[in-house]
Amino acid sequence: MTAASSPAAAPHRTSVSTHILDTSRGRPAGGVAVQLSVRDGDGGAWIPHGASSTDADGRCKNLPDLPEGTAQVRLRFEVAPYFARTADHTPDTPDTPDNAEEQQDAPRARDSGPDTRTRGPFFPEVVLTFAVDPGEHYHVPLLLNPYGYSVYRGS
C-alpha cells in the first residue's frame, strides 16, 4: 500500500449524548432545550459549544463532538418551559382522606406548591458539570420531576 492509498488513522472522537425521562409522568421529556459548553483542564472560562433540544423520545443525540483539549463539559437543561407545557396534563389528585397528600407530615403551605403554572418548577434549570477523557463517549441521562432530579453516566 502506498501512503496515498493507506487509510488515515481515524481520530478518537469525544462525544456527549443525553436523554430525559420525566419520572412524575413516566414518559420521555421532549422539547427540552439543552446547551453544551466546554472548558480545558485549567478551569478556564466556559465556551459555548452547541445547543439542541430533546426529541419526542426525550433524546438529544445531535450534540457536536467535543474539541480537542476539552477536560470538562457542562450541560444546561431548560426545564421550566417543559414543566409549563406539561402542567395541564398531570392527573388531578383526589380530594379524599385516603389521599397521600393528607397523610404527609409536611406542612400544607410549601414554598414550591403543586401549581407549577404560577410558581414554576422548584428547579427551573438543571446544570451538570462533568470531567471527560479524550476518545470516550459520555451518555448522561437525566431523571426529572418538578421537585428533584437524578443523573448518572449511562452507556
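The values are calculated or read from the model by the stated rules, or taken from the named source; none is laboratory data. Note that this is a predicted model, so its numbers are computed, not measured. Cβ placement follows ideal geometry from the backbone for every residue including glycine, while neighbour counts extend to all protein chains displayed.
A compact table of results
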quantity: Criterion violated by HIS49 - all others in (1) buried (at least 16 other Cβ atoms within 10 Å of the Cβ); (2) under 14 Å from the mean Cα position of the chain (by Cα); (3) not polar (S, T, N, Q) satisfied; calculated: (2)
quantity: Qualifying residues in region 33-42 (those that are in a strand (DSSP E or B) and not hydrophobic (A, V, I, L, M, F, W, C)) - the one farthest from ALA80 (Cα to Cα); calculated: ARG39
quantity: Matching option when the condition is among the small types (Gly, Ala, Ser) and either at pLDDT 85 or above or surrounded by 13 or more Cβ atoms within 10 Å (Cβ to Cβ) (or both), among ALA106, ALA100, ALA87; calculated: ALA87
quantity: Residues (touching a Phe, Trp or Tyr at 6+ places or on another chain (Cβ under 9 Å) and either closer than 14 Å to ALA29 by Cα or assigned to a strand (DSSP E or B) (or both)) located in region 130-155; calculated: PHE130, TYR138, VAL140, PRO141, LEU142, LEU143, LEU144, PRO146, GLY148, TYR149, VAL151, GLY154
quantity: Matching residues, region 52-61, being touching a residue at least 24 places away in the same chain (Cβ under 8 Å) and either surrounded by 12 or more Cβ atoms within 10 Å (Cβ to Cβ) or more than 19 Å from PRO141 (Cβ to Cβ) (or both); calculated: THR54, ASP55, ASP57, GLY58, ARG59, CYS60, LYS61
quantity: Selection count, region 43-82, where residues are out of contact with any Cys (no Cβ under 7 Å at 6 or more places or on another chain) and part of a loop (DSSP other than H, G, I, E, B); calculated: 20
quantity: Region 109-155 - residue that is loosely packed, with under 12 Cβ neighbours inside 10 Å and among the β-branched types (Val, Ile, Thr) and, of those, modelled with the highest pLDDT; calculated: VAL127
quantity: Conditions (1) modelled with pLDDT under 85; (2) of a type in the set (Val, Ile, Thr); (3) assigned to a strand (DSSP E or B); number of the one not met by THR93; calculated: (3)
quantity: Residues being in contact (Cβ under 8 Å) with a residue 12 or more places away in the chain and over 12 Å from the mean Cα position of the chain (by Cα) - total across region 62-78; calculated: 11
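The rows are residues; the columns are (1) modelled with pLDDT of 95 or more; (2) within 24 Å of THR86 (Cβ to Cβ); (3) in contact with a helix residue (DSSP H, G or I) (Cβ under 8 Å, 6 or more places away or on another chain); (4) among the charged types (D, E, K, R).
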residue: HIS12; (1), (2), (3), (4): no, no, no, no
residue: SER15; (1), (2), (3), (4): yes, no, no, no
residue: THR18; (1), (2), (3), (4): yes, yes, no, no
residue: THR23; (1), (2), (3), (4): yes, yes, no, no
residue: PRO28; (1), (2), (3), (4): yes, yes, no, no
residue: GLY31; (1), (2), (3), (4): yes, yes, yes, no
residue: SER52; (1), (2), (3), (4): yes, yes, no, no
residue: ALA56; (1), (2), (3), (4): yes, yes, no, no
